[in-house]
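Below is one structure; the comments refer to it alone.
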Amino acid sequence: MRDQRSYFEKAEFQSDLPLQFLVLTVGVILVLVEVGLAQWPFFYSASPILSLIFMYFMMIYHDHLMPIITVFIMGLVADLLLSDILGGRATAFMLLSFVMRLSAVRLQQSEFLDLWVYFSVSCGAVVLFQLIVFSLINLAVPALNPLLFQVGFTLILFPIGFVVMFSTKRLLEAIRLIG
Amino acid sequence: MRPSDKTKIKQRRLAHVGLIVLSFSLMFLGKADLVSLRDGRMGSNDFLAPVIDFVSVPIRGIQTMAEGIRTVASLRAENVRLKAENDLLKRWRRRAEILESENQQLRSVTGAVSYENRKPITARAVTAPGGSFAHTVLISIGSEKGIVQGNPVITSDGLVGIVIDVGRAYARVLMISDINARIPVILSSSSWPGLTIGKNSEFLELAFLPAEAKPAIGELVLTSGHGGVLPAGLAVGRVERVEDDRIWVRPAVDFRHLGYVSVLIGGIEGIDNSNLSLGDFFTPLPVEDDTRLLEGLNASGTRQ
């Protein structure tokens, strides 16, 4: 006989879907801003990875709002627009999200400095993964200076991004309380 | 834990693994350069490019504002510099007119043909390279305006690259600084042929030069026209450094300030295989019943 228990379980009245869609929209917009920033001569061929800062924050504090498909789409849009190896950044982002899901609880209780160090390792790992895949597929190594600049600038922007996102989180919570 | 939760977790894990596998296989499919994948890529660029354009408006605005402030601050010095440059250009113009007239006379004597039937179309660069892995730009012009794969893209300073993907309203340009770009060139003073190779950095490597060639620092490197894709005589860059086994060229175009570009369409060069049919090049022998098995035409075209 077919198990019908699941039909009588508590219905999900508070779906995360609209919020997940909102997070996806913000993520894609950040990717577009990244591509737009490259038009500044200062960031030529080394635009900071803003989408990674956003993904890192969301994976620690709101991982239920960032399903794997969101991470995949963000990576794929970046690959398409930057004309990188299709799926390169998407794979790197997804592998990182997989690792982060395992250590999210520990990171939630960590101090900011630890979060920054962990982010540095994550950012380096994402770029290193892309570099290895690129080198294997093209049998050539690209210039490393722009890569180091890109990673370095992303790390410098991390505290600013983190403060902005934390403030937005607090603001949204306050609005929800008032509502 | 409820049974439905277990199922959800299982489904989530399956989706995770499935998407990673899909993403991983996309990397190899992308390298295989499948036509459908390329069309999909250009289709998505056509869709996303106007959005980037919209998002980039404030970014460009800030850049313009900063440049405006800098320009106002250096207006007086700029004016003096421009006057001096204007005098120099006037002298060069007179020299160019003399050389042009001399060139025409020489062409009429030698019967040389000049290929000038290319039409430039101006387009705006919508994006700039944002990473170190690919040096390409999207331009706001596509198949609607007659752009085809292989069209050269230039600015007043020199060669930017070649159109590699064409969408309806947007096209992607492979810049000469990309790691996959190989441009046949010659040295302007000695005419030795070589090849510039992009390195995804600010310099190009000049390779395959004959051993006798001695490039001088600052020497102009021009397209040779070999291969038939690019017209001859476009400025590629200047020799920047000569090391023991490597020669480095600085591109003539400053890619960091790429605003508008010109796409050269038409001309006898370019990849045009629309009229390429086998019948134009191959005429089969008439079939005769009494022919011998090894019969055919020799090099001079007579039957043997």
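Couplings for the stretch B:89-97, taken from phi via the Karplus curve 6.51 cos²θ - 1.76 cosθ + 1.60 with θ = phi - 60°, read 5, 4, 5, 5, 5, 4, 5, 5, 5 Hz in order; Gly and Pro are left as x. Note: chain A, Cα convex hull, 163 Å³ per residue. Here B:Arg38 and A:Ser15 are evaluated by their C-beta separation; at R0 = 41 Å the FRET efficiency comes out at 0.60. Phi-derived couplings, Karplus 6.51 cos²θ - 1.76 cosθ + 1.60 at θ = phi - 60°, listed residue by residue for the stretch A:128-145: 5, 4, 4, 5, 5, 4, 4, 5, 5, 6, 9, 6, 7, 10, x, 4, 8, 4 Hz, with x used for Gly and Pro. With the alpha-carbon atoms of the stretch A:103-179 aligned to their principal axes, the span from lowest to highest coordinate is 58, 23, 21 Å, starting with the largest. As a calculated quantity, the FRET efficiency between B:Glu243 and A:Val105 at R0 = 45 Å, using C-beta atoms, amounts to about 0.25.
Divide the volume of the convex hull around the Cα atoms of the stretch B:118-266 by the residue count and you get 99 Å³ per residue. Simple rule: put +1 on each Lys or Arg Cβ and -1 on each Asp or Glu Cβ in the stretch B:9-69, find the dipole, and look at B:Val35, B:Thr64, B:Gln11; the Cα lying farthest toward the positive end is B:Gln11. Principal axis extents of the C-alpha atoms in the protein assembly as shown (largest first, rounded to whole Å): 93, 87, 45. For the stretch B:48-127, the alpha-carbon coordinates run over 57, 41, 10 Å along the three principal axes, in decreasing order. Taking the alpha carbon gyration tensor of the stretch B:9-69, multiplying each eigenvalue by 5 and rooting it gives semi-axes of 36, 19, 11 Å, largest first. Among the chymotrypsin sites (Phe, Trp or Tyr not before Pro) in the stretch B:66-167, those placed in a DSSP loop whose Cβ has at most 15 other Cβ atoms within 10 Å are B:Tyr115. Given a Förster distance of 30 Å, report the FRET efficiency between B:Ala66 and B:Leu195 from their Cβ-Cβ distance, rounded to the nearest 0.05. FRET efficiency, B:Ala66 to B:Leu195: 0.20. 3J(HN,Hα) along the stretch B:45-62, derived from phi through the Karplus expression 6.51 cos²θ - 1.76 cosθ + 1.60 where θ = phi - 60°, amounts to 5, 4, 6, 8, 4, x, 5, 4, 4, 5, 5, 6, 4, x, 5, 5, x, 5 Hz, with x in place of Gly and Pro. Share of pairwise Cα-Cα distances greater than 14 Å in the stretch B:168-251 is 60 percent (whole percent). For the protein assembly as shown, a crude dipole built from +1 on the beta carbon of Lys and Arg and -1 on the beta carbon of Asp and Glu, taken about the Cα centre, is about 1440 debye to the nearest 20.
Every number in this text was worked out from the coordinates using simple rules, so none of it is lab data. Just so we're clear, the structure is a prediction, and the values are computed from it rather than from any experiment. For neighbour counting, all protein chains shown are included, and Cβ atoms are generated from backbone atoms with ideal geometry for every residue, glycine included.
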